[in-house]
Structure formats: structure tokens, C-alpha cells
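The values are calculated or read from the model by the stated rules, or taken from the named source; none is laboratory data. The structure displayed is predicted, hence computed values, not measured ones. Glycine gets a Cβ as well: all are built from the backbone with ideal geometry, and neighbour counts include every protein chain shown.
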């Protein structure tokens, strides 16, 4: 058990004792009680907000409750001092042995250090990428793919049961266009000069192999045939080919989904009608008219039509939403509501990773999930902002229809999977990100990919040098030889498990990247002190005992870097080339 988890458990026991003694009422919710580092390290090693959180429910003031908690914390064996600060925060100082013990915990638990059961085996469905199956993955899809996959890894590490899902939008008009584009390539494969690709069709060369496969299978059977004879067949074959291409491209990033859910299959299964019946039975669907759009001025023509509407405004949306069009066909929202109902059949929580162009639909879909499940399942939507690609300082334009987009595969081949994945997590997902082909491979502190990997490579090099110097990992290490600066690095390392938990609960995998950068910076700073004072180096020829203790510290830091990179789907570098 990590240090923060251990003190959280000890605090919980103290609160139980106060409850048994009648100083706290039974049944107080403790979910918001936290044990964390104080904002100002000079205030101590640990801080808790227990008194601030529980005082109101206990019918007392926070400082009085803090004073009741204080002596029980002071009685803990590794606690040096306890101070009540401000209105009721409690700060603790721990003995150095606590941090040496935590380093031992890191080394003993190894790759399991930082794993948690805070998720309590609850089921989470994470849907990400879900790009239209009309071509290969391009860099417009990359950030959402990495964020979703890293989040899935993070949630699993925190004790959730995760399903990774891709929603295949294979029921829209864009798929008909894709089939017509494939038919053109089919005719080309049979020797026809198709000339310029007509406006509105997909011109990319990625459809040539599809056309060739269709030509090999069917010959000229569909060359002059009416569209009604080949459209559905070509649609099915082309979508299947595109899904295989998408799986391949995502595989280059180490991304593999558990489920590829088909929109066409969803609609054919009657799930949309099922969702509609569910809402209608609850009195949440009615026939009505939408208000005149605010975007129209008084001179614009507008004629209200009768639509089947869902009362999404009862669940926080700004207006009710149509589920059926006036011609009786389903709206995209109607199908989307049914899709989310399908996902809730195997999940306690839903997480969607969506592009910025979907931001306007978040509230209505959350409203539908709330209504369809009677609040049993929650939906969190993470909006992913655009990535701007730069080369030599100039932006690279992308256009799938023009066929000149930058594919994900091309970028992975140029800079590597690990660089791409790490860079996609170096900023909050809801802020824009620049991906400069020169900077992402730059060997400098300003490149977080390099800086974190360099820390791990240094540690790997240190282990090799230690072996050459005769410092054996089998020799016992006297951690009492570690000084205050070195233990300060252990204190930062000890924050890794709680960083994993907080990042998982907030659905923010970028927190791991931020943490690793800070940890790497602290390690590099400790390493660099040896440049000014040779006695501060990790390996000392005349002092194998200190060398062994410092080597143990470095190995512990390397383990955490590896663990964190693994959550990001990044392999730790053994050496920098």
C-alpha cells in the first residue's frame, strides 16, 4: 500500500473512533475527505481537509473538529508533528524513515506501484475515434484516439472494468458516396479511363485496392449496371475494407478496440424504436414544433413543421430535440440516443471522446442517457480540440476529400509511435495543440517527450555503469545514507499513486504526462548537482555504500517513469539515439 493510501486508511480509522466516541455523527459522507501534499511544501509533508469537509455535517466548526483529530494523528508512530492551519486544515510532518519505507515500497511493488481499486470493478465504456469509415486515419483523428486509449488504460489501472468501443457511422449519406467512389475505382481497375474524380466523390488512392478487389471478384458484372444493383454490395465491401484499414492504422499507435459497433446494424435491430418506446412510456416524447431559430432574422422565411420531440430541456438542455424528421426518418440524434442506450446495457459509466465539432450536441445526448437509464448511468464527454501540424514553421493543410491529408501512418513512420502518443497528451484535451515535426524530435528540455525519456535512459545507463564499477544490485542498500534532497525526490515519487487515481476519476490522462515531466525535471536537477560537486554524483568510486543507496533511489524513479509511460502507451527508452 502506498504512503498516501496508508494515511488515508489511518485517517479513516481515526474518524471511525471519533464516531464511536460520539464526537462525530454516524453516516457522514467521507468521499470528499482527502490526504494530499500541502500546496506549500514548507507547511509539511501531508495535509488533510477532513475537518473542513465534515464539520458542517457534524454540527461544529472546522477548527474545533481539527483539534479533535489532531491528537490522534500525533499518536501515529511516524508522525513528527501536526499543525492546524487557517480555518481547519491539518498539516502533518513525517519522519525521514517514512520516505525511505516508501522507496522500498516502490521497489518491491515494481510495475504494480500506482495501481488502485478506487474503481471498485465498476464498468466503464470508453468510446473514442469513431471516425466515419471513409478512408485511412489522418492526424485529425490522432489526438482523440490517443486520449481515449490512454484514458482506458488509466481507468483499468484504477480498478475499473473497461470496454473500448468504436462507433462505425455506416448508415449515412457519406457511406453511399464512399460506395460510388469505390465503383469508380472498380471501373478503373477494369481498364476504364475515369479521368478526373468528379466533385463530391472521394479521390484518394486508398480506394484503388478496393476497386481492384471488386474487379477481381465480379469482373465487369456491375460496370453498366444500375446503382440499385450494386450500391448495397459495394457499400458493405468498401466499409469492411475501410474498417480493416482503420484497425491497421490504429494498430500502429498500439490502439485496439474491443467493439466496433455498426450504426446500420443498430438501426436494423430496432434499437431506435426501443429507445423511442422507452422515452414515450415515460412521457418524454411528444409531437410538436420547434421555436423559430434565433439565427434567423425577421425577414428570413421559416415554416414550422410537426416533429417528434424529446423533452431534453427537462434534463438540462436548452431546448427540446427532434428524434424524428417530418418525413418519418430518424434524426441523427434519434439514432445516437439509441446507440447510447445500447452501450448502457453493459456499463455503469459512459465516456465519449469527441471532436470539437460535436460540442453542441453534448447536453442533448447526456439528457437522453439520463432519461433512458433513469439516472443509473452517467455520461462524460471529453471534447478534443484540433491539432495543428507544422513543418518548417508552416501549417500543413488537411482535406480528406481532396485526398492530400496527412495520414496517421505517415506521421508514425516519420517520428515514431511513442513520440506521437506522448505529444498528444502534453496539453489538456480541450486546448489546441501544435505538432511541429522538428520540435517533437528535438533533444531539449523544451521537448517533454525527450526530457522524460532522457531521465529513464540516464537511469538505465547508470545501472550499466554501476555494474561496470562493481556496484551490485545484490548488495544491501543503506537508505539512511540518502540526504534531504534525495528524499525530496522520493516525496515527489510517492505522489504517483494519487496522481493515477485523480487522473482516472477526472478522466484526464494528460495529468500523467504533466506529472512525469515534473518527476523527470526533479531527477535531472538531482543528477546535475554532480556537475558542480563530484561528491554529489550518483556513483562514487570511493564510496560504494552511498553509490548503492543512490542507485536504489534512481531505480525507484525509473520504475515510476516506466509505469507512467505504460499508462500513456509509451515504451520507456533504455538509451537515447
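Being closer than 18 Å to residue 426 by Cα, out of contact with any strand residue (DSSP E or B) (no Cβ under 6 Å at 6 or more places or on another chain) and not in a helix (DSSP H, G or I) is a property that does not hold for residue 541.
Please specify each residue of the stretch 559-577 satisfying the condition of being over 16 Å from the mean Cα position of the chain (by Cα), surrounded by fewer than 22 Cβ atoms within 10 Å (Cβ to Cβ) and outside any loop (DSSP other than H, G, I, E, B). Lay out the reasoning, then the answer.
Taking the stretch 559-577 first, the residues over 16 Å from the mean Cα position of the chain (by Cα) are 559-562, 571-577.
When the remaining residues are screened for being surrounded by fewer than 22 Cβ atoms within 10 Å (Cβ to Cβ), the result is 562, 571-577.
Once the filter is applied, which keeps residues that are over 16 Å from the mean Cα position of the chain (by Cα), surrounded by fewer than 22 Cβ atoms within 10 Å (Cβ to Cβ) and outside any loop (DSSP other than H, G, I, E, B), the stretch 559-577 yields only 562.
So for the stretch 186-202 (the condition being more than 22 Å from the chain's Cα centre (by Cα), in contact (Cβ under 8 Å) with a residue 40 or more places away in the chain, under 30 Å from residue 437 (Cα atoms) and not assigned by TED's automatic domain parsing to the domain that holds residue 337), does at least one residue qualify? Within the stretch 186-202, one or more residues are more than 22 Å from the chain's Cα centre (by Cα), in contact (Cβ under 8 Å) with a residue 40 or more places away in the chain, under 30 Å from residue 437 (Cα atoms) and not assigned by TED's automatic domain parsing to the domain that holds residue 337. Consider the stretch 73-117 and keep the residues that are over 34 Å from the mean Cα position of the chain (by Cα), without any contact (Cβ under 8 Å) to a residue 24 or more places away in the chain and in a helix (DSSP H, G or I). The one that is farthest from residue 552 (Cα to Cα) is 74.
What's the total number of residues in the stretch 17-51 that are part of a helix (DSSP H, G or I) and either within 31 Å of the chain's Cα centre (by Cα) or more than 19 Å from residue 88 (Cα to Cα) (or both)?
Of the residues in the stretch 17-51, the ones part of a helix (DSSP H, G or I) are 17-20, 41-43, 50-51.
After this cut, where a residue has to be either within 31 Å of the chain's Cα centre (by Cα) or more than 19 Å from residue 88 (Cα to Cα) (or both) as well, the list is 17, 20, 41, 50.
The total comes to 4.
Can you tell which of 369, 362, 305, 351 is under 24 Å from residue 382 (Cβ atoms), surrounded by 10 or more Cβ atoms within 10 Å (Cβ to Cβ) and without any contact (Cβ under 8 Å) to a residue 24 or more places away in the chain?
Details: 369 fails: without any contact (Cβ under 8 Å) to a residue 24 or more places away in the chain; 305 fails: under 24 Å from residue 382 (Cβ atoms); 351 fails: without any contact (Cβ under 8 Å) to a residue 24 or more places away in the chain.
Result: 362 is the single residue among 369, 362, 305, 351 that is under 24 Å from residue 382 (Cβ atoms), surrounded by 10 or more Cβ atoms within 10 Å (Cβ to Cβ) and without any contact (Cβ under 8 Å) to a residue 24 or more places away in the chain.
Per the listing 104, 35, 53, the residue uniquely touching a strand residue (DSSP E or B) at 6+ places or on another chain (Cβ under 9 Å) and outside the structural domain of residue 561 (by TED's automatic domain parsing) is 35. In the condition set (1) touching a helix residue (DSSP H, G or I) at 6+ places or on another chain (Cβ under 8 Å); (2) surrounded by fewer than 19 Cβ atoms within 10 Å (Cβ to Cβ); (3) outside the structural domain of residue 141 (by TED's automatic domain parsing), residue 314 is compliant with all but (3).
Residue 192 satisfies every condition listed in (1) out of contact with any strand residue (DSSP E or B) (no Cβ under 7 Å at 6 or more places or on another chain); (2) within 30 Å of residue 496 (Cβ to Cβ); (3) surrounded by fewer than 18 Cβ atoms within 10 Å (Cβ to Cβ) except (2). For the stretch 453-494, the set of residues classified as assigned to a helix (DSSP H, G or I) and either over 27 Å from residue 566 (Cβ atoms) or free of Cβ contacts under 8 Å to residues at least 24 places away in the same chain (or both) consists of 464, 467, 468, 480, 481, 484, 485, listed by residue number.
Do you know which of the residues in the stretch 240-258 that are loosely packed, with under 14 Cβ neighbours inside 10 Å and closer than 20 Å to residue 125 by Cβ is farthest from the chain's Cα centre (by Cα)? Selected residue: 258.
The set of residues in the stretch 121-157 that are touching a helix residue (DSSP H, G or I) at 6+ places or on another chain (Cβ under 6 Å) and without any contact (Cβ under 8 Å) to a residue 60 or more places away in the chain contains only 132. Scanning the stretch 419-438 for any residue that is out of contact with any helix residue (DSSP H, G or I) (no Cβ under 9 Å at 6 or more places or on another chain), at pLDDT 95 or above and part of a helix (DSSP H, G or I) turns up nothing.
Set side by side, the residues 550, 498, 511 differ, and just one is assigned by TED's automatic domain parsing to the domain that holds residue 461, surrounded by 16 or more Cβ atoms within 10 Å (Cβ to Cβ), in contact with a strand residue (DSSP E or B) (Cβ under 9 Å, 6 or more places away or on another chain) and not in a loop (DSSP other than H, G, I, E, B), which is 498.
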